[in-house]
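Written below as structure tokens is the structure these notes are about.
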2 protein chains.
Amino acid sequence: MDKKPYHVVIVGYGGMGSYHPQLIAPVESLRVTGVFDVIPYRMELAESAGLKPYESLDAVLTDSEVDVVLIATPNDVHKDIAIQALKAGKHVICEKPVTITSADLLDIVEVAKAEDRIFTVHQNRRWDEDFRIVKHLIETKQAGEVFHVESRVQGANGIPGDWRQLKAYGGGMLLDWGVHLLDQLLLLTDSKIDSVTAELSTILGTEVDDGFTTHIRFYDELTAVVEVGTTNYVTLPRWYVKGNEGTAVIRDWDLNGELVRSNPDVARVEPKPIQAGQGLTKTMAPPSEESTLRLPIEKAPAAAQTFYENFAAALEGKSTLIVKNEEVYRVLRLIETIFEAAEKREVLKDLNL
Amino acid sequence: MDKKPYHVVIVGYGGMGSYHPQLIAPVESLRVTGVFDVIPYRMELAESAGLKPYESLDAVLTDSEVDVVLIATPNDVHKDIAIQALKAGKHVICEKPVTITSADLLDIVEVAKAEDRIFTVHQNRRWDEDFRIVKHLIETKQAGEVFHVESRVQGANGIPGDWRQLKAYGGGMLLDWGVHLLDQLLLLTDSKIDSVTAELSTILGTEVDDGFTTHIRFYDELTAVVEVGTTNYVTLPRWYVKGNEGTAVIRDWDLNGELVRSNPDVARVEPKPIQAGQGLTKTMAPPSEESTLRLPIEKAPAAAQTFYENFAAALEGKSTLIVKNEEVYRVLRLIETIFEAAEKREVLKDLNL
């Protein structure tokens, strides 16, 4: 394909769908040209934003001017729309979670291969600064060898009051935020997963999970806690990362945090015991200030490409996709494993996942 | 017994043993009179503190002036000393963990009953202000109905470099700090335990655990995380307590913290979406300030008796013991269950514990 710019039509113009144009705008070789949504007022919004309103999905798919279909509908119809679009010769970008089951993703990928079209998933949080800082911190051993990672997002606002509360639509926090946090986690090690245990939260009484906690152990001994909550009026840190030389914390979306580590230039100084409740403790005293470094969080190097720069380069045959379908598939398999572990109340182990 | 004050002799005059006299001093009816320790310099320290140095345990036990033996030795010899002391007609206070196995405690309790002597365990952290605040907060429903509790102590100083690193002596953090945190937890609900899962940390390469994480579910649906770490350069909050109307946090031993909860006088206001990394989120936005109360941590009412006031009153037949042997036994059973869950890498469930 050497035609430029590639025309992108957004199917599903809700919160995320209507957010994409500003992500695509900086990329010269992509242009959002139209929208299809089943809700009339959204079509009016799209039209007033200068986008062509399509009267049906079929109208999008039969328009030969359309190169790329961006799917930002509720999760339950991703698969059907993706397969129709691929068969119509369109490239497809799909919002996360790509499908509700891993088997459904395989069906899509099979069609994409047969049709020789690009299919990829908008796992945008791989570009989040907080995640990239943690990945860089691990790679550069700023806290020594990292052996434990905790990744949390917590709010107190419950589950959004729409299809995200409904199981048949792929609602629930494990599929919504879990898919991001787990995707990020799997990029922090090359190791496969040994074991998974999990608890779902159903405090709000919805038919889907309003949060979850999972413990994951990798074969390389890395352990992880991934947690999402919607009933938390106080938040625990976004990231808590333990290495054998220090601990890093990123507390919030504004990237407040620090790295506290042993000072390699100073011999260890015994800490002073502290009064803690009804007892004295040296074990739980802060490490001595003399032998400890307290450092600001180091920025991550800039990403080489944005999601859409990479997608455009892939369309032009100049790059491979950053978000690989095999990776997305593994995350869905992990989500299924988490659901199973929670349901059975078991540690699922020797998973080789 | 109407003789007063009761004479207390301390067996094991290390860190904890030498701390007890200041706890006992305010209680008129108790007096520390002597010490026995196998390490000569400790006997010199005791003597210089005005305490009678006994040349052997036997010398303590055959001294008819001695009413109470306080055991603050390494954990492995608690049982043997306790049984000898009870059989010699002494009342016994024992440091925690009382014994390495729950069966050993039953043996001691049987002797105490047969000899009609008081045997109790110095679970002093029941009197910790942070714990009493949490217990009071739950009882008075300051955060609504509490459904989840996280209790953590974390340091970066490793395991103390003595017998606490050795398995045969009852070393390791689960027996050391775990016994406190689990004892406190079990006092926060009347419910029995349904299930336990756990991971031990062995990052430091000692033969005992250098920390642990356990998830406990009670039949009343309360869930808990209890965690002890000695490789944490940054600490997570000491307490994190979720109720259906708010979340309370106590961050440290200085009782810094807050209670954030919905404002019962204001209708819920939709939060504003925030930019979070590469996306917008309303779900994970802070709850609107208008409909949220941010409150200081409320002090707990003063405890009616200290540990030693209660012990003295029990000696005089005026009070029952606050620290009951059945409770201590249950904590040891829980510790054994945690070791088993970690070893087997299983969720142990339907425990009725």
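The values are calculated or read from the model by the stated rules, or taken from the named source; none is laboratory data. The model shown is predicted, which means the values in this text are computed figures rather than measured ones. Counting neighbours? That spans all protein chains shown, and the Cβs are built from the backbone with ideal geometry, glycine included. Please note that ligands, DNA and RNA were not included when accessible areas were found on the heavy atoms of the full protein model with its side chains. Shrake-Rupley method; radii C 1.70, N 1.55, O 1.52, S 1.80 Å.
Report, as an integer, the average count of C-beta atoms from other chains found within 10 Å of each Cβ along A:339-347. For this peptide, the per-residue mean of nearby foreign Cβ atoms is 3. Taking label points 7 Å from Cα along the Cα-to-Cβ direction, B:K167 and B:S288 give a separation of 5.9 nm. Residues of region A:263-285 whose accessible area (probe 1.4 Å, heavy atoms of protein chains only) drops by at least 30 Å² once all protein chains are present, relative to their chain alone: A:R268, A:A276, A:G277, A:Q278, A:L280, A:T283, A:M284. Measuring r between the beta carbons of B:K344 and A:K113 and using R0 = 45 Å, the FRET efficiency lands at 0.55. Both chains summed, the buried accessible area for A and B stands near 5700 Å², from protein heavy atoms and a 1.4 Å probe. With the simple model of a label 7 Å out from the Cα in the direction of the Cβ, B:L45 to B:D190 spans 4.5 nm. In whole angstrom, chain A maps to an equivalent ellipsoid with semi-axes of 41, 23, 19, each derived as √(5λ) from the alpha carbon gyration tensor and ordered largest first. Across the identical copies, the label point of B:E327 (7 Å from Cα in the Cβ direction) is separated from its matches by 5.2 nm, in order from shortest. Among the residues of region B:222-237, those with an accessible-area drop of 30 Å² or more from chain alone to full protein complex, heavy atoms and 1.4 Å probe, are B:T231, B:N232, B:Y233, B:V234, B:L236. A DSSP coil position with no more than 12 other Cβ atoms inside 10 Å describes the following trypsin sites (Lys or Arg not before Pro) in region B:1-80: B:K3. What a 1.4 Å probe finds exposed on the protein assembly as shown is 50% carbon and sulfur by accessible area, rounded to a whole percent.
If R0 is 30 Å, the Cβ-Cβ spacing of A:E145 and B:E336 corresponds to a FRET efficiency of close to 0.40.
Show the residues, 5+ positions off or on another chain, whose built amide H is closer than 5 Å to the amide H of B:K52. Under 5 Å from the amide H of B:K52 lie the amide H atoms of B:G34, B:V35, each far enough along the sequence or on another chain. What separates the B:E65 label point from its copies, with the point 7 Å along Cα to Cβ, is 10.6 nm, written shortest first. Only Lys, Arg, Asp and Glu carry charge here, each on its Cβ (+1 for the first two, -1 for the last two); on that basis region A:6-122 has a dipole of about 220 debye about its Cα centre. To the nearest 10, the accessible area of A:Y329 is 70 Å² with a 1.4 Å probe.
Over region B:212-351, accessible surface divided per residue gives 45 Å², non-protein components excluded, 1.4 Å probe.
Stretching B:Y19 away from B:K87 to a fully extended chain increases their span by 21.8 nm, per 0.36 nm per residue minus the current alpha-carbon distance.
Size descriptors for region B:6-122, from the alpha-carbon set: Rg then Dmax equal 13.1, 39 Å.
For the protein assembly as shown, the spread of Cα positions along the three principal axes, ordered from largest to smallest, is 103, 55, 39 Å.
Modelled spin labels at B:D58 and B:K318, positioned 7 Å past Cα toward Cβ, are 3.9 nm from each other. Place a point 7 Å from the Cα of B:N256 along the Cα-to-Cβ direction; which residues of region A:256-273 have their backbone N under 16 Å from it? Label zone hits: A:256-260. With everything on Cα atoms, drop me the angle between helix A:325-344 and the longest principal axis of chain A, reported from 0 to 90° to the nearest 10. With both axes taken from Cα atoms, the answer is about 60 degrees. With all protein chains kept in place, the per residue accessible area of region A:6-122 amounts to 42 square angstrom at a probe of 1.4 angstrom. Of the GluC sites (Glu not before Pro) found in region B:18-52, those in coil by DSSP whose Cβ has at most 15 other Cβ atoms within 10 Å are B:E28. Can you give the angle from 0 to 90° between the axis of helix B:102-115 and the longest principal axis of chain B, with both taken from C-alpha atoms, to the nearest 10? On a 0 to 90 degree scale, this one is about 50. When B:G15 is represented by a point 7 angstrom out along its Cα-to-C-beta vector, the spacings to that point in the other copies are 4.9 nm, nearest first.
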